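This report concerns only the one structure given below.
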Amino acid sequence: MRRHGGFDVVCLADRREERAREGAARVKVPHYERAEGVDELTVRDRVHAITCGTAPFAHHRVIRSALEAGKHVLTEKPFTMTLDEGEELAALARERGLVLAVVHNFQFAPSVKRLRGWMESGRLGRVRAVWATQMSNPARRLPTWFDELPGGLFYDESPHLIYMARALAGGELEPVSVAGHPSTRGLVNTPAQIDAQMRAGEVPVSIQMNFEAPVSEWHVAVLGDRGLGVVDLFRDIAVFTPNDGDHHAREVIRTSASASWHHWLGYLRSGPGHVLGKLRYGNDEVFSRFHAAVCSGKPPEAIGADDALAVLRIQHWILEGIGRILV
């Protein structure tokens, strides 16, 4: 927000005053308050927009309080806990003429822009499929509340893969089938694995998420006639490999060379920022689009309320599917 230059951060608020105080001091915001909604803020008359970064359970309360107070909203994913909540908030934003946007950020990361460039130039050829894969190590840093969500960690993290698949497949996702496997670690809501099959027009889309893996990796692949493009979301690296034809030794070596070259070239670009914790993962574009939408009154492309609802609908279709399987 500071790099953009179009924002003046008035206040940092949290339901716990000490956390608001510590957060404000850390990011050098001059004012903090204890509040659970915009209606409780003493500085609400000075505020034009709010960002909601609470746990998902509080999204509806915070967003509704902001819209009712006439404020524009940019919220973290997942959008809301239920479809009814999401549709209610989208309708309220339309009724009040306010911008309601969601942080679907990875689709604007430099690596994804590079992948899209390959698609637009024809380097990948005709898109034949989109695969999105996530492995999550249960030992990594996770919020304490994750298993309280419907579907547990799935609900918190799946929006990233869904909006990425939707963006790269070039159309709305239509449900096909869902498979799941219950937790082997005793978790109540988080399954061991989920496999969801969809389509966007004629393009098959596959999302696979495993929550009991030994490593944490998030990858999205576009399979084309002429080549394969893969994005490593955590490292912000795009890798291209050409069609390997007859799959003889020469083609296999070429595939290995291309994948290795693009991986290390990508890490030269993103590695310093990764090590220093300065990769923005497309968040700069999210805030830029939100700012432009507030100024113009037009919904922000790819992160508006309709986009949030499209992702939310797929989440709840998957939840219904695994609910039948895992009981």
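Quick look at the values:
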quantity	calculated
Calculated [θ] (222 nm, deg cm²/dmol) that DSSP helices of n ≥ 4 give over the chain, each run adding -39,500 (n - 2.57)	-13000 deg cm²/dmol
Over the stretch 36-81 - Rg/Rh using Cα atoms and the Kirkwood inverse-distance radius	0.94
The stretch 124-241 - Debye-derived log10 I(q)/I(0), Cα point model, q = 0.14, 0.15 Å⁻¹	-0.60, -0.68
Percent carbon-and-sulfur accessible area, the chain, ignoring ligands, DNA and RNA, probe 1.4 Å	52 percent
Pairwise FRET efficiency - residue 4 versus residue 184, Cβ, R0 = 45 Å, nearest 0.05	0.50
For the chain, accessible area per residue (1.4 Å probe, heavy atoms of protein chains only), Å²	50 Å²
The chain: most fluctuating residue of 245, 171, 117 per GNM, C-alpha cutoff 10 Å	245
Compactness of the stretch 130-192 as Cα Rg over 2.2 N^0.38 Å, two decimals	1.24
The chain: angle of helix 110-121 to the longest principal axis, Cα-based, in degrees nearest 10	50 degrees
Fraction of beta bridges assigned by DSSP in the chain that are antiparallel (%, nearest 5)	70 percent
Most fluctuating residue given options 225, 246, 147, as computed from a GNM of the chain linking Cα atoms under 10 Å	246
Unit charges on C-beta of K, R, D, E only; dipole of the stretch 221-262, Debye	100 debye
Gain on full stretching of the segment that runs from residue 260 to residue 26 - 0.36 nm per residue minus C-alpha separation	80.3 nm
Cα gyration tensor shape of the stretch 67-165, rounded if a/c is under 1.5, else prolate or oblate by comparing a/b with b/c	oblate
Overall dimensions of the stretch 182-327 by Cα: Rg and Dmax, Å	19.4, 57
Farthest positive-ward along the chain dipole, Cα basis, beta-carbon charges - from 309, 132, 275	275
For the stretch 89-202, with +1 on Lys and Arg beta carbons and -1 on Asp and Glu, the positive-most of 152, 110, 178 along the dipole	110
Debye log10 I(q)/I(0) at q = 0.12, 0.26 Å⁻¹ for the stretch 255-327, Cα point scatterers	-0.69, -1.06
Pairs of alpha carbons in the stretch 53-104 whose separation is greater than 13 Å (percent)	49 percent
Along principal axes, Cα extents of the chain, largest first, whole Å	70, 48, 38
Calculated log₁₀ intensity ratio I(q)/I(0) where the Debye formula runs over C-alpha points of the stretch 11-95, q = 0.11 Å⁻¹	-0.29
Potential lengthening between residue 251 and residue 141 on full extension [0.36 nm per residue; Cα-Cα distance subtracted]	35.6 nm
Dipole of the stretch 1-107, positive direction: furthest Cα of 70, 83, 51, with charges on the beta-carbon	51
Stretch gain in nm, segment residue 83-residue 243, where the contour uses 0.36 nm per residue and the Cα spacing is subtracted	53.5 nm
For the chain, built as a Gaussian network whose Cα springs stay under 10 Å, the top-fluctuating residue of 263, 181, 72	181
Computed FRET value (nearest 0.05) for residue 274 with residue 113, which takes r as the C-beta separation and R₀ as 22 Å	0.85
Separation of alpha-carbon centers, the stretch 6-82 and the stretch 254-327, rounded to whole Å	23 Å
Projected-area mean, the stretch 211-296, by convex hull of Cα positions, square nanometres	8.9 nm²
Pairwise label distance in nanometres, residue 39 with residue 216, each label 7 Å out on the Cα-Cβ vector	3.6 nm
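The values are calculated or read from the model by the stated rules, or taken from the named source; none is laboratory data. All values derive from a computational prediction rather than experimental measurement. FYI the Cβ positions are ideal-geometry reconstructions off the backbone, even for glycines, and counts take in every protein chain you see. Remember, those area values only see protein heavy atoms, side chains included, never the ligands or the DNA or RNA. Shrake-Rupley method; radii C 1.70, N 1.55, O 1.52, S 1.80 Å.
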